[in-house]
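J.: I am attaching a structure below and will ask some questions about it afterwards.
Throughout, read-outs are computed from the coordinates displayed, never taken from laboratory work. Keep in mind that what you see is a predicted model, and the values were worked out from it rather than measured. FYI the Cβ positions are ideal-geometry reconstructions off the backbone, even for glycines, and counts take in every protein chain you see.
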């Protein structure tokens, strides 16, 4: 019997679900003092990691996370047929300069902080579609390079409102494989750009909520699943302000997220002691929370079915200067320990 | 018999090659005075197209080109299952703000000026893989928004060296379909990031040449094809300086490109009368030359087999300020009028 791969409006179901063969997570010093510290492969004690700029440090983060993931998979870099990756910096320079050194076929992605899911969804399609045996999906962000680019130079010491999030320094990478014993990527739901008119770049959590809820509910409709079918539903980097709004918006549409939903931005820092205000953000927030915490807890069978929905705020400093609101996007992937 | 979809090192062969069901090209006033003017669907007489910023004009270019392509395909926007697109602006704002209005599932791509091929290659994999029936691939660039971002504000009147290229104002879009009578996308070759150490952002043609030649020759090796198997081999936006270097570099490796090779950047402007120096560049250079000139000449059977290799320079103003060289990338897609 042929499986219907295109499902409903925005989703795909994988015929032979690719395995996440391995993963790696590298984080900065602040993330290494947070509640998920024990899950990360490497914690830096220097945010520059021996480089002379934050951007070059971010390139190193991404490159080393990919190399670590490939090493963890016990294969060689030469066996990786494609790398799908992206970051937040203008023209993806963290990623493209890492690719210069890794010398593998490369497809550059930009989904802001939804990039981890974009790379996993497209990578899974390329593997299940028969175009590759091994693919790397990866993303990175760096607190200092992101603050400098999107908001104010750190040296100004600008006060941050309580709705502001803290860009995670780190990189997460996965190796996807045609063969393996799981965890498997079983479904993906590709998001639309959604804009409810929020203009405050210091409240990005709220600006991404409508996209997160839109993709999540479309996923339930397309797959005929419900929130309770998952052990964990986790958005990318909405933080505490956004998380509460997601619960309320989903509830208004008849979906109860009170039992099994959280947000990577809430999990990665201890808001009470780490002064991170609304929580973590950045591509690496979902990237390292997934490749560190979630995947390792899946190995322990704490979670067997996870709906992972990284969220992206599609602003640039220029669009804000031109008076534009902040559109959001969210892509979802389903990861399951075993196949039904 | 099962077709081997992954081919050689970097290439894929489509089992049921998707059809380019329709295309559209919109260009600015200068492109509309060039040698390809008669091929474009729409020529603007105002580079702002009624908008108040260049960036918003670029958003409109991309949105309208996609709408025109969908209209040309005689289908509705609601039938488009995914849009794969990107542009040159920081955080892809030309594209993401267009997506806000088009309201279709969106995958953001960044391949600099190689984006047209990246969208067509990934879109073809998604269709041939069974994940969609209709996909849009698209890209845009705008002379004024690109000059402002990458080089100097136009108001400064900075003199341009003869190696400089002229960023094309325009947008090209294609609708890819599972069913159709061609032209078909039959192969794709995904490029690696290649860097020969060129640091001059006023000579981007030369910086992209090594990537173009690398992808082109890998394509010949992977597919066991030769230059003479194609009616036309066309790179993206190397311009006259880069074109000559490609011919020389390929010749050194035993490939004769003297008969059937050109570059979109050479074709789109009349260098003698339009003061464009080395030629055209920008995502739209390959985008509109392909969707305008090349596809329409394929309909007339001037070309039956085309190897299309858009090229991207992976610099940012910041990487240049930090003393970095300019890495390049090139992705190739093969378009054929009929199937063998």
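J.: Go ahead and set up a Gaussian network model of chain A, Cα springs under 10 Å, then flag whichever of A:310, A:29, A:105 fluctuates most.
T.: For chain A, modelled as a Gaussian network with Cα springs under 10 Å, the answer is A:105.
J.: Between residue B:338 and residue B:77, what is the FRET efficiency for a Förster distance of 30 Å, r being their Cβ-Cβ separation, to the nearest 0.05? List each step's numbers first, then the result.
T.: On the way: r = 29 Å, r/R0 = 0.98.
Step by step, r from the Cβ atoms, then E = 0.55.
J.: First measure r as the distance between the Cβ atoms of residue B:179 and residue A:159, then evaluate 1/(1 + (r/R0)^6) with R0 = 51 Å and state the FRET efficiency to the nearest 0.05. Please report the intermediate quantities before stating the final value.
T.: Numbers: r = 58 Å, r/R0 = 1.14.
The pair residue B:179/residue A:159 has a calculated efficiency of 0.30.
J.: Next question. When the expected Rg is taken as 2.2 N^0.38 Å, what fraction or multiple of it is the alpha-carbon Rg of the protein assembly as shown?
T.: Details: Rg = 23.1 Å, N = 680, 2.2 N^0.38 = 26.2 Å.
Compared with the compact-globule rule of thumb, the protein assembly as shown sits at 0.88.
J.: Given a cut-off of under 8 Å on Cα pairs at least six residues apart, what relative contact order in percent is computed for chain B?
T.: On the way: 887 pairs, mean separation 84.2, N = 340.
After rounding, I find 25 percent.
J.: Taking a point 7 Å out from Cα toward Cβ as the label site, list the nm distances between residue A:77 and the same residue in every other copy, smallest first.
T.: Reported distances to equivalent positions: 4.4 nm.
J.: To the nearest Å, what is the center-to-center distance of region A:103-182 and region B:108-172, using C-alpha atoms only?
T.: Value for the Cα centre distance between the two parts: 21 Å.
J.: Given only helices, namely DSSP H runs of n ≥ 4 each adding -39500 (n - 2.57), what is the per-residue ellipticity at 222 nm of chain B, to the nearest 500 deg cm²/dmol?
T.: On the way: 11 runs with 109 residues, N = 340.
Value at 222 nm, helices only: -9500 deg cm²/dmol.
J.: Restricted to Cα positions, what overall size does region B:184-336 have along the principal axes? Three whole-Å values, descending.
T.: Result, largest extent first: 47, 37, 25 Å.
J.: Taking residue A:196 in one copy and the same position in all the others, each labelled 7 Å out along Cα→Cβ, what are the pairwise distances from the first, in nm, shortest first?
T.: 5.2
J.: What Rg and what Dmax come out for region A:144-266 when only alpha-carbon atoms are used, in angstroms?
T.: Spelled out, the Cα radius of gyration and Dmax of region A:144-266 are 16.8, 51 Å.
J.: If you find the alpha carbon centre of region B:35-73 and of region A:269-339, how far apart are they in angstrom?
T.: Their Cα centres are 35 Å away from one another.
J.: What distance in nm separates the simple spin-label points at residue A:225 and residue B:273, each placed 7 Å from Cα in the Cβ direction?
T.: Label-label distance for residue A:225 and residue B:273, simple model: 6.1 nm.
J.: If you build a Gaussian network model of chain B, linking Cα atoms that sit under 10 Å apart, which residue out of B:142, B:219, B:277 swings the most?
T.: Residue with maximal mean-square fluctuation among B:142, B:219, B:277: B:277.
J.: With chain A rotated onto chain B, spot the residue of A whose Cβ lies nearest the axis and note the distance in whole Å.
T.: So the chain A residue sitting closest to the axis is A:129, 1.
J.: Looking only at A:52, A:229, A:270, which one moves most when chain A is put into a Gaussian network model with springs between Cα atoms under 10 Å?
T.: Evaluated over chain A, the most mobile residue of the options is A:52.
J.: What is the spread of the Cα atoms of region A:10-146 along each of their three principal axes, largest first, in whole Å?
T.: For region A:10-146, the Cα spread along each principal axis is 43, 32, 32 Å.
J.: In nm, to one decimal, how far is the modelled label at residue B:302 from the one at residue A:300, with both set 7 Å along Cα→Cβ?
T.: In this crude label model, residue B:302 to residue A:300 measures out at 6.6 nm.
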